[in-house]
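The next block holds one structure in the form of structure tokens; read it before the comments.
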Amino acid sequence: MRSRLNLASRTYVNRRALYLFYAVSTAVVLLLLLTQFRYLTELQKQENLLNQRIGELTRQLGISADSTASYSEDEFNQLLGQIDFSNKLIVKDSFQWTGLLGQLEAVVPADVRITEIRPDFKSSMLNLTAQARTVADLRKFIDRLNDSEDFSEILLLSQGNQVVKDPENIERTLVLFTLRVKGVLQ
């Protein structure tokens, strides 16, 4: 019987495989470095192009580089006024008219007709002009407004009678009135 003994004094290393691993690893790292360098150069080109475009736009608009620091007190106050005006327009534009109309629809009796709605955004008030068949209908409408959680401080500004003719040519007397409702436009 023949036995095989390894009498080597050191561990065996396959140098050819090790050097191949080093070469492949180095090639992969160099390839990654090349792609990153190419990506960096592309970003720098885009940054230069954007800076050129920004420069062109600032020249076209007539904006200087230090224009933000050169406001006088009057110009600054004018700018604040414009900002305040713009903010008020945004508030007016963002008002939910459908919500208000839904709230009014829930409280208006069948014999009352609203003919005009005038909002006053400064004082958060709503002016309503309406017609009712009788004073009792007017009273019922005001009571419903008072009972509603959506409306507060209902003021009757004016009340009068108006004679109108319906399509059958019959004359009827309607109660015309104007109300001011506070706290609706918030």
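The values are calculated or read from the model by the stated rules, or taken from the named source; none is laboratory data. Source: prediction; values computed, not measured. So basically every Cβ, Gly included, is an ideal-geometry build from the backbone, and we count neighbours across all protein chains shown.
Restricting the stretch 116-135 to residues that are aliphatic (A, V, I, L, M) and in contact with a Lys or Arg (Cβ under 7 Å, 6 or more places away or on another chain) leaves a set whose member that is nearest to Lys88 (Cα to Cα) is Met125. In the list Arg144, Arg172, which residue meets the criterion of being of a type in the set (Lys, Arg), touching a residue at least 24 places away in the same chain (Cβ under 8 Å) and surrounded by 12 or more Cβ atoms within 10 Å (Cβ to Cβ)? The conditions single out Arg144.
The one condition from (1) free of Cβ contacts under 8 Å to residues at least 12 places away in the same chain; (2) in contact with a helix residue (DSSP H, G or I) (Cβ under 6 Å, 6 or more places away or on another chain) that Gly99 does not meet is (2).
In this structure, is Val112 free of Cβ contacts under 8 Å to residues at least 60 places away in the same chain and surrounded by 12 or more Cβ atoms within 10 Å (Cβ to Cβ)? In short, yes. Gln36 satisfies every condition listed in (1) of a type in the set (S, T, N, Q); (2) under 28 Å from the mean Cα position of the chain (by Cα); (3) more than 30 Å from Arg172 (Cβ to Cβ) except (2).
Pro119 is checked against (1) touching a Pro at 6+ places or on another chain (Cβ under 7 Å); (2) in contact (Cβ under 8 Å) with a residue 60 or more places away in the chain and fails just one. What number does that condition carry? Unmet for Pro119, out of (1) touching a Pro at 6+ places or on another chain (Cβ under 7 Å); (2) in contact (Cβ under 8 Å) with a residue 60 or more places away in the chain: (1).
Give the residues of the stretch 133-186 that are assigned to a loop (DSSP other than H, G, I, E, B) and within 44 Å of the chain's Cα centre (by Cα), sorted by residue number.
Arg133, Ser148, Glu149, Asp150, Phe151, Gly183, Val184, Leu185, Gln186, listed by residue number.
When the residues of the stretch 119-134 are filtered to those that are closer than 18 Å to Gln96 by Cα and at pLDDT 90 or above, which remaining residue is surrounded by the fewest Cβ atoms within 10 Å (Cβ to Cβ)? The residue in question is Asn127.
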